[in-house]
There are 2 protein chains.
Amino acid sequence: MSAPMIDVARAARRAQRALGSASGAARSAVLARLAHLLEAREASILAANLRDLDDAEAGGVDAPLVKRLALSPEKLATLREGVEQLAALPDPVGAQLLRRELDEGLELTQVKSPLGVLLVIFESRPDAVIQIGALALRAGDAVLLKGGAEATHSNRALVTCLRDALAGEGLDPEAVQGIEGREAVAALLELDGLIDLVIPRGSGELVRHIQGATRIPVLGHAEGVCHLVLDAAADPAMALELAVDGKCDYPAACNATETLLVHRGFLPHLHAVGEALRAAGVTLRADPEARTALGDAEAATDADWGAEYGDLILAVKVVEDLGAAIEHVHTYGSGHTDAIVTEDAAAAARFLREVDSASVFHNASTRFADGYRYGLGAEVGISTGRIHARGPVGVEGLLTTRWLLRGHGQTARDYGPGKRSFTHRDLE
Amino acid sequence: MSAPMIDVARAARRAQRALGSASGAARSAVLARLAHLLEAREASILAANLRDLDDAEAGGVDAPLVKRLALSPEKLATLREGVEQLAALPDPVGAQLLRRELDEGLELTQVKSPLGVLLVIFESRPDAVIQIGALALRAGDAVLLKGGAEATHSNRALVTCLRDALAGEGLDPEAVQGIEGREAVAALLELDGLIDLVIPRGSGELVRHIQGATRIPVLGHAEGVCHLVLDAAADPAMALELAVDGKCDYPAACNATETLLVHRGFLPHLHAVGEALRAAGVTLRADPEARTALGDAEAATDADWGAEYGDLILAVKVVEDLGAAIEHVHTYGSGHTDAIVTEDAAAAARFLREVDSASVFHNASTRFADGYRYGLGAEVGISTGRIHARGPVGVEGLLTTRWLLRGHGQTARDYGPGKRSFTHRDLE
């Protein structure tokens with residue numbers, strides 16, 4: 001990437017305008033071609049990945065990172081399937097959100113439109129190139145992809161597939177560009193006239209750093225401090241299952257349960273929940289009252305409330321009532337995903353109404369907060385911000401809207417007191 | 001405002017949670033009470049406004065600013081009417097955007113929710129206190145209102161009406177707070193955990209300054225450089241009317257037309273358009289070809305393309321074809337509002353499809369880009385940003401979404417290859 005970043009961004013903008021105003025069928029054809037290329041080039045993609053894996057091993061990279069870095073025929077098949085699903089989706093661009101007659105012969109519509117040029121910064125998993133690239137193409141967006149240095153060869157091979165898929169359908173390949181190096185990212189973050197959205201996928205620290213370094217809007221999740229509330233009226237067996245699943249199914253995920261809030265009325269059943277968690281290898285850190293009930297738990301300190309362990313550790317706290325549980329969630333949570341276990345319909349309704357988080361669940365594991373599970377097809381990430389897109393972000397989060405007005409020569413000065421008035425009649 | 005800003009923001013957050021989880025009927029009652037208070041306190045509001053007007057005159061403030069500052073019984077009646085309309089609106093909070101079965105007995109909904117705590121920075125018009133405050137209450141949001149120093153007494157009187165309306169319905173008045181002083185704003189811009197959105201209403205300079213000074217998302221319009229394209233197939237009489245209305249109806253507005261792009265095929269009719277504009281007092285600044293056709297116009301320089309005059313000045317440029325017009329709009333426009341005049345359906349369709357602006361019009365004045373005219377009830381501003389809300393922003397722009405999942409104890413590990421699979425069936 002030796003081109004000045006302003007040229008990179010300008011080329012992306014130009015290519016995006018053509019991609020965004022092409023037909024939905026053209027964008028579907030690009031995706032179908034991409035799926036085909038992923039199959040046809042499997043050997044060379046895996047060879048590129050092997051170079052990255054060799055470099056990582058030589059560099060003494062951690063085993064979990066190597067695992068995330070590795071591609072396989074199975075992973076490529078899953079990626080291809082995802083791309084084929086996106087190719088088959090109805091085109092979201094141009095879909096009407098609203099249609100309103102302002103006056104006779106003056107009709108307003110609000111339509112979905114490509115967001116524009118995205119800058120996506122992600123870490124070791126090269127799969128993200130295809131997942132994000134394909135979502136961007138479906139939305140008619142251009143995307144600048146900055147992956148981790150450890151996946152350089154894999155990322156290049158996959159970016160080339162995306163670009164060749166565009167070129168093969170007669171579209172400008174500059175709509176997808178790989179970016180390498182921190183300096184390049186720093187230069188791009190200055191270009192708030194050319195880049196419309198930055199999506200950092202990584203630590204909360206990365207997200208906050210980027211938010212402080214740019215005027216471009218940033219879509220990212222800060223952290224996932226998810227709570228599971230065991231209400232007085234919780235079914236004890238269900239409470240146990242959901243606590244174990246929320247913590248143990250994939251402890252490193254941002255939707256893993258980090259804190260158990262136990263209604264005092266549930267205390268008689270807490271011991272069994274603790275036993276099951278310990279049997280699954282979980283270390284418990286509890287407040288004094290919960291420790292007594294659990295029998296075997298470390299003492300929690302204030303730092304445990306609000307901690308994102310990402311590991312087999314769980315904080316446990318007793319709360320007086322549902323109000324105290326909600327207050328705790330609002331004080332220490334990150335607004336990602338919070339769940340309640342209860343058979344009390346009124347308690348469930350109150351929790352769902354009052355908890356101000358992206359995802360709020362009743363009698364389900366916090367682990368369900370995920371674009372694939374929500375049926376979004378794929379996700380670019382999970383947003384804990386409150387604007388634009390919240391929770392798992394699929395193709396809808398990569399779109400904006402435009403207002404189209406079709407008239408017959410109406411002027412603004414025709415309307416007003418004593419003149420014409422608006423009908424404001426919603427159509428359809 | 002002597003309280004530390006962190007206490008101000010915390011009190012707003014706490015009050016917002018109560019306001020947001022109150023019933024829609026309760027929020028309607030607050031709005032109805034507000035309308036009543038505006039009527040009952042008319043004399044004291046006007047007296048407060050008179051103090052501001054006296055101070056402004058003593059301080060030698062410009063006449064246009066004094067005009068914007070002035071309230072009157074008529075202006076208060078209009079404000080009251082707007083508040084009553086909002087009170088009668090169906091409650092947007094909790095409205096479903098999507099309802100999907102993920103599996104039997106596992107149902108996902110996406111619902112509209114209050115955005116949270118807003119910081120709104122606006123200039124001299126005290127009317128904005130009520131317009132923005134009422135929209136925020138309808139959405140269940142708390143709002144910190146920083147108005148212009150020249151409207152201090154008026155703003156205080158109006159903020160008190162909003163707070164008393166809340167208290168009168170048993171809700172916490174801290175959901176609406178007036179903010180005074182630049183230092184207070186600077187301190188609030190640091191509080192990205194407590195404030196969810198900043199809405200600066202003012203110059204593009206103000207907006208850019210705030211975007212650079214905070215991690216909080218900013219919703220604001222940079223500027224309004226609106227184009228009117230006179231196509232070869234434009235109806236000459238309509239072209240003339242729309243050019244005059246777009247420029248002259250209210251030249252200081254951000255949706256006023258600033259540049260006329262003239263298809264070479266329209267040149268025979270340009271002289272008449274120029275005559276009408278000059279008759280309305282407009283100074284024309286044109287490229288050489290347009291000057292020849294107009295007969296009497298100043299020579300445009302490069303600085304005229306992309307200028308937001310806000311005055312009775314209009315730039316005029318001849319373009320080779322529709323593609324060149326669209327290219328000019330994308331190069332020099334601000335993505336606010338752009339319009340085409342043409343009887344050619346294909347040209348209109350292309351313009352509406354390709355022009356990447358918040359509002360894109362066919363055969364209508366750029367002046368229609370406005371929340372009231374669009375039937376949004378009221379507007380907090382016009383966004384030229386592409387995320388969250390674009391174009392005129394009404395109550396929908398002050399809402400976010402939450403995902404609610406209702407299950408019967410489902411765990412994530414129940415699902416996967418060889419286990420249960422998701423149905424992902426959209427309901428309703």
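Computed from the coordinates by the stated procedures, all read-outs in this text should not be read as laboratory data. A quick note: this is a predicted structure, and the numbers were derived from the prediction, not measured. Because the Cβ atoms are built from the backbone with ideal geometry, glycine has one as well, and the counts that use them run over all protein chains shown.
Does chain B come out rounded, prolate or oblate, given a ≥ b ≥ c as the square roots of the eigenvalues of its C-alpha gyration tensor, rounded meaning a/c under 1.5 and, failing that, prolate meaning a/b above b/c? Could you put the intermediate results ahead of the total?
Numbers: a/c = 2.26, a/b = 1.30, b/c = 1.74.
Oblate shape, in that a/c is at least 1.5 and b/c is the bigger or equal ratio.
Net charge near residue B:152: determine it from the other residues with C-beta under 14 Å of the C-beta of residue B:152, scoring Lys and Arg +1 and Asp and Glu -1. Write down the numbers at each step before the final one.
Working: positive: B:51, B:125, B:146, B:156, B:182; negative: B:52, B:54, B:55, B:123, B:150, B:180.
In short, -1.
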Give the nm distances, rounded to one decimal, from residue A:4 to the matching residue in every other copy, measuring between label points 7 Å along Cα toward the beta carbon; shortest first.
4.7
Mind listing the long-range amide H neighbours of residue B:220? Cut-off is under 5 Å, sequence gap 5 or more, other chains count too, H placed in the peptide plane at 1.01 Å from N.
B:384, B:385
Taking the Cα-to-Cβ direction at residue B:313 and at residue B:250 and moving 7 Å from each Cα, how far apart do the two end points lie in nm?
2.2
What's the minimum Cβ distance from chain A to the axis relating it to B, in whole Å, and which residue gives it?
A:388, 2
5 Å is the cut-off here: which amide hydrogens, built 1.01 Å from N in the peptide plane, fall below it relative to residue B:178, excluding neighbours closer than 5 in sequence?
B:145
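Starting from the Cα gyration tensor of the stretch A:35-194, take the square roots of the eigenvalues, sort them a ≥ b ≥ c, and report rounded, prolate or oblate (rounded when a/c is under 1.5, otherwise prolate if a/b is larger than b/c, else oblate).
Values: a/c = 2.70, a/b = 1.86, b/c = 1.45.
Prolate, since a/c reaches 1.5 and a/b exceeds b/c.
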Tilt of helix B:127-139 relative to the longest C-alpha principal axis of chain B, in degrees (0 to 90, nearest 10)?
50
Please report the antiparallel percentage of the DSSP beta bridges confined to the stretch A:11-154, to the nearest 5.
55
Karplus 3J(HN,Hα) series, Hz, for the stretch B:400-406 with 6.51 cos²θ - 1.76 cosθ + 1.60 (x for Gly, Pro)
10, 10, 10, 9, 10, 10, 10
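Take every DSSP beta bridge with both residues inside the protein assembly as shown and express the antiparallel ones as a percent of the total, to the nearest 5. Before the final figure, lay out the partial values.
Values: 38 of 126 bridges.
Around 30 percent of the beta bridges assigned by DSSP in the protein assembly as shown are antiparallel ones.
Where does the charge balance sit around residue A:169 when Lys and Arg score +1, Asp and Glu -1, over other residues with C-beta under 11 Å from its C-beta? Intermediate results must be reported in sequence, preceding the final value.
Values: positive: A:27, A:33; negative: A:164, A:172.
Taking every other residue near residue A:169 into account, the sum is 0.
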With the label 7 angstrom out along Cα to Cβ, how close does residue A:236 come to the same site in each of the other copies, in nm, nearest first?
9.1
Taking Cα atoms only, helix B:24-40 is inclined relative to the longest principal axis of chain B by an angle, in degrees rounded to 10, of 60
Restricting to chain A, what percent of DSSP beta bridges are antiparallel, rounded to 5?
35
By the C-alpha gyration tensor axes a ≥ b ≥ c (rounded if a/c is under 1.5, else prolate when a/b exceeds b/c, else oblate), the shape of the protein assembly as shown is oblate
May I ask you to evaluate 6.51 cos²θ - 1.76 cosθ + 1.60, the Karplus curve with θ = phi - 60°, for each residue of the stretch B:93-103 and list the ³J(HN,Hα) values in order in whole Hz, giving x for glycine and proline?
5, x, 4, 7, 9, 7, 9, 9, 7, 7, 6
Residue-normalised 222 nm signal for chain B, counting each DSSP H run of n ≥ 4 as -39,500 (n - 2.57), nearest 500 deg cm²/dmol, is -13000 deg cm²/dmol
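Between residue B:61 and residue B:327, what FRET efficiency follows from the Cβ-Cβ distance if R0 is 35 Å, with the result rounded to 0.05? Before the final figure, lay out each step's value.
Working: r = 43 Å, r/R0 = 1.22.
It comes to 0.25.
Can you give the FRET efficiency to the nearest 0.05 for residue B:180 and residue A:42, using r as the Cβ-Cβ distance and R₀ = 45 Å?
Values: r = 65 Å, r/R0 = 1.44.
It comes out at approximately 0.10.
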Sticking with the crude label model, points 7 Å out along Cα→Cβ, report the distance from residue A:6 to residue A:206 in nm, one decimal please.
2.9
By Cβ neighbour count within 10 Å, fewest first, B:342, A:160 rank A:160, B:342
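If we count every other residue with Cβ under 13 angstrom of residue A:77's Cβ, Lys/Arg +1 and Asp/Glu -1, where does the sum land? Mind dumping the intermediate values first?
Numbers: positive: A:75, A:80; negative: A:39, A:42, A:74, A:81, A:84, A:127.
Summing Lys and Arg as +1 and Asp and Glu as -1 gives -4.
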Quick calc, residue A:420 & residue B:237: beta-carbon distance into FRET formula, R0 22 Å, rounding 0.05, result 0.75
Taking chain A as the reference, fit the longest principal axis to its C-alpha atoms, fit the long axis of helix A:236-248 to the helix C-alpha atoms, and give the angle between the two in degrees, 0 to 90, nearest 10.
60
To one decimal in nm, how far is residue A:324 from the same spot in the other copies, if labels go 7 Å from Cα toward Cβ? Please give the shortest first.
7.6
